[in-house]
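Enquirer: So that we are looking at the same thing, I have put the structure below in structure tokens.
What follows is calculated from the coordinates using simple rules that are stated; it is not laboratory data. Not measured: the values here are computed from a predicted model. Cβ sites come from the backbone with ideal geometry, for glycine too, and all protein chains shown count toward neighbours.
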Amino acid sequence: MNYSRTRELDVVVIGAGQAGLSAAYHLRRIGLLPGENFVVLDHAPRPGGAWQFRWPSLTYGKVHGMHSLPGMELTGADDDRPSSEVIGAYFEAYERRFDLQVHRPVEVSAVREGQEGRLLVETSKGTYASRALISATGTWDRPFWPRYPGQETFKGRQLHTADYPGPEEFAGLKVVVVGGGASGTQHLMEIAEVAAETYWVTRRPPVFREGPFGMKQGRAAVAMVEERVRRGLPPQSVVSVTGLPLNDAVRRAREQGVLDRLPMFERITPCGVAWADGRSVEADVILWATGFRAAVDHLAPLRLREPGGGIRVEDTRAVRDGRVHLVGYGPSASTIGANRAGRAAARSVSRLLESHGVPA
């Protein structure tokens, strides 16, 4: 490909995770051709979206709520294989089957206003001028690190879920796990089997969910996240409002005292953490299982953010610029939500292109 000039396309899709591939599939369904009408750009070195970076001990059998991409089921997967391998291979086969021609690795630095109503997408491999943009960049590239007094004095190791290597590296160590979500509890239960001591610290008391989690509960959780996005507030993840499933492994961990939660500490000391009441514990490692934020910095030149700090979205369209679609953002951050958002974005893009006289 010759990148010496700006390439004009109908649509640019940024990201080749679940949401980006779903969007690309539905763009093909409305008659657009990869390489001619649209392009998918991905900064990752290989197929698999964020899944390719997950820790080896997260086997496919431990993955909760993984939904197949549209048009091709994920079948026959070995539950004991790492999810990074299973889903990476599945995404790779999906890209081949539908000839999506994903370009990687390509870094997108900024999206700006161009000429004649087009958006300029600036990348490490040149610039694209596009009538519409589908941003499917997810959250993995923006791990959230809280800041606490004394953090810089800690002599041990600090790491985030994004860099979690699996439990083996924590053998014989004293570990503080911070975070009350699914990743935090999974990490803690694994590490507790090999560590000398573990401590679980969360800002709020964890909420454990008993019984089935059906469509009614799922819709209610998505609606809560969707309401924040409509108000222009930074989205919470869908998982953050569903509670923690109380399965057999969690019950055992609670009985063994592994999931005895401590309130948030006040400060970090050179050798551990300390609370306002004078209590302190020693630690070799602090693992921050504190979640992620939406990776949308490339959209900053378009000034899409609302005063509340988020990007207000209706369906998948950014309210401040209807050419921009966000999929895998807020209520569509789950795998099934990403599939639906990809379809909705493609349909909306089709209407936009038709208004420009581009048949689809």
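Enquirer: Springs between alpha-carbon atoms under 10 Å, Gaussian network over the chain: tell me which of Asp284, Asp80, Asp248 tops the mean-square fluctuations.
Expert: Ranking Asp284, Asp80, Asp248 by mean-square fluctuation puts Asp248 first.
Enquirer: For a Förster distance of 51 Å, can you work out the FRET efficiency between the beta-carbons of Asp260 and Glu306, rounded to the nearest 0.05?
Expert: 0.80
Enquirer: Place a label point 7 angstrom from the Cα of Ala249 along the Cα-to-Cβ direction, then list the residues of the stretch 41-63 whose backbone nitrogen is under 17 Å away.
Expert: Once the point is set 7 Å along Cα→Cβ of Ala249, 54-63 turn out to lie under 17 Å by backbone N, inside the stretch 41-63.
Enquirer: Something else now. Net charge near Leu302, counting Lys/Arg +1 and Asp/Glu -1 over other residues with Cβ under 10 Å of its Cβ?
Expert: Working: positive: Arg112, Arg303, Arg305, Arg320, Arg323; negative: Glu113, Asp321.
Neighbourhood net charge equals +3.
Enquirer: Mark the label point 7 Å from the Cα of Arg267 along Cα→Cβ and return the residues of the stretch 143-170 whose backbone N is within less than 20 Å of it.
Expert: 146-158
Enquirer: Okay, moving on. For the stretch 31-102, what percent of Cα pairs sit more than 13 Å apart?
Expert: Working: 1723 of 2556 pairs.
For the stretch 31-102, the share of Cα pairs beyond 13 Å comes to 67 percent.
Enquirer: Once the convex hull of the C-alpha atoms of the stretch 1-139 is built, how many Å³ does it hold per residue, rounded to a whole number?
Expert: Residue-normalised Cα hull volume stands at 108 Å³.
Enquirer: Ranked by Cβ crowding within 10 angstrom, fewest neighbours first, how are Lys155, Lys174 ordered?
Expert: Lys155, Lys174
Enquirer: Out of all DSSP beta bridges with both ends in the chain, state the antiparallel percent to the nearest 5.
Expert: Of the beta bridges lying entirely in the chain, close to 40 percent run antiparallel.
Enquirer: Give me His26, His356 ranked fewest to most by other Cβ atoms within 10 Å of their Cβ, as a rough exposure proxy.
Expert: Starting with the residue having the fewest Cβ neighbours, the order is His356, His26.
Enquirer: What angle, in degrees between 0 and 90 and rounded to the nearest 10, separates the Cα long axis of helix 215-230 from the longest principal axis of the Cα atoms of the chain?
Expert: 70
Enquirer: Per the helix-only calculation at 222 nm, which mean residue ellipticity applies to the chain, given -39500 (n - 2.57) for every DSSP H run of n ≥ 4 and division by its residues, nearest 500 deg cm²/dmol?
Expert: Helix-only estimate at 222 nm: -7500 deg cm²/dmol.
Enquirer: Could I ask something else about it? When every alpha-carbon pair in the chain is counted, what percent end up more than 32 Å apart? Before the final figure, lay out each step's value.
Expert: Numbers: 23479 of 64620 pairs.
It works out to 36 percent of all Cα pairs.
Enquirer: When ranked by the protection proxy of mean other Cβ atoms within 10 Å per residue, highest first, what sequence do the peptides 158-170, 198-210 form?
Expert: In descending order of packing, they fall as 158-170, 198-210.
Enquirer: Mind sorting Val111, Val324 by how few other Cβ atoms lie within 10 Å of their own Cβ, fewest first?
Expert: Ordered from fewest to most neighbouring Cβ atoms within 10 Å, Val111, Val324 come out as Val324, Val111.
Enquirer: May I pose another question? With each pseudo-label sitting 7 Å past Cα toward Cβ, what's the Ser57-Glu116 distance in nm, one decimal?
Expert: The modelled label-to-label distance comes out at 5.6 nm.
Enquirer: Taking 0.36 nm per intervening residue step and subtracting the Cα-Cα distance, what contour gain separates Glu107 from Arg7 on full extension?
Expert: Full-extension gain reported as 34.4 nm.
Enquirer: Moving on. If you average the sequence gap of Cα pairs under 8 Å that are 6 or more apart and divide by the length of the stretch 62-188, what percent do you get for the contact order?
Expert: Details: 72 pairs, mean separation 12.4, N = 127.
Value for the stretch 62-188: 10 percent.
Enquirer: Continuing with this model, one more query. What residue among Ala283, Ala77, Ala333 shows peak mean-square fluctuation when the chain is described by a Gaussian network model with Cα springs under 10 Å?
Expert: Ala77
Enquirer: While we're on this one: What distance in nm lies between label points placed 7 Å from Cα along the C-beta direction at Ser280 and Glu193?
Expert: Result: 3.4 nm between the two label points.
Enquirer: Could you order the peptides 339-346, 112-119, 126-133 from most to least packed, using the average number of other C-beta atoms within 10 Å per residue?
Expert: 339-346, 126-133, 112-119
Enquirer: I've got another one for you. Under 12 Å from a label point 7 Å along Cα→Cβ of Ser68: give me every residue in the stretch 321-353 with its amide N that close.
Expert: Within reach of a label on Ser68, which here means backbone N under 12 Å from a point 7 Å along Cα→Cβ, the stretch 321-353 contributes nothing.
Enquirer: Taking the Cα atoms only, what angle lies between the long axis of helix 335-355 and the longest principal axis of the chain, rounded to 10 degrees?
Expert: On a 0 to 90 degree scale, this one is about 20.
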